[in-house]
1. Any chance you could count how many residues in segment 35-91 are in contact with a Cys (Cβ under 9 Å, 6 or more places away or on another chain) and among the acidic types (Asp, Glu)?
2. Return only the number of the condition from (1) assigned to a helix (DSSP H, G or I); (2) at pLDDT 90 or above; (3) not β-branched (Val, Ile, Thr) that Gly63 does not satisfy.
3. Of all the residues that make up segment 83-112, how many are touching a residue at least 24 places away in the same chain (Cβ under 8 Å) and either in contact with a Pro (Cβ under 9 Å, 6 or more places away or on another chain) or assigned to a helix (DSSP H, G or I) (or both)?
4. Taking only segment 88-102 into account, find how many residues are surrounded by 18 or more Cβ atoms within 10 Å (Cβ to Cβ) and either of a type in the set (A, V, I, L, M) or more than 14 Å from the chain's Cα centre (by Cα) (or both).
5. Filter segment 52-82 down to residues that are over 17 Å from Thr108 (Cα atoms), surrounded by fewer than 20 Cβ atoms within 10 Å (Cβ to Cβ) and of a type outside the set (D, E, K, R) and give me whichever is nearest to the chain's Cα centre (by Cα).
6. Given the conditions (1) crowded, with 20+ Cβ neighbours inside 10 Å; (2) at pLDDT 90 or above, report the number of the one that Ala37 does not fulfil.
Amino acid sequence: MRAEKVIAMVGGVGNGSLRIFFTGPSAGVRCEGDIDATTRPVLIQALAVVSEQTSGDLHADLGDVSFIDVGGLRVLVETGCRMTGERRLIVHALKPHTRRIIDMCGWTDLLLTGVSSTSPGGRAVNHSSDVP
């Protein structure tokens, strides 16, 4: 297991659970489980805590997220839009169907992934636009 510190755990072992880990030097979080209406508040809190404690880009690794609803994607978009200065939210390891949802919502220019070993390519978050 990686040397990470658990920020929060919500729900049980089955569906509806989300575990969020602080990833330390890379200034971000790694999420495991489901992001939905029941777990969204913890994601919001974790992103806020990490954002306040770091000065550079904020990274969110979603490689182990089995489900994310549109509300969860909106949380990511809103977090990216609130970042100030040159800071940005970089989301790693989005699943192909999640990328399609982002495209369908018109959020492609607001939120896509940074370069990582599991998700090649990527774009920066546009901070000048509001969430549609």
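1. Looking only at that region, the number is 2.
2. (1)
3. So the answer is 7.
4. Of the residues in that region, 6 qualify.
5. So, considering only residues that are over 17 Å from Thr108 (Cα atoms), surrounded by fewer than 20 Cβ atoms within 10 Å (Cβ to Cβ) and of a type outside the set (D, E, K, R), the one nearest to the chain's Cα centre (by Cα) is Gly63.
6. Result: Ala37 passes all but (1).
The values are calculated or read from the model by the stated rules, or taken from the named source; none is laboratory data. Keep in mind that what you see is a predicted model, and the values were worked out from it rather than measured. Heads up, the Cβs are rebuilt from the backbone with ideal geometry, glycines too, and the neighbour counts pull from every protein chain shown.
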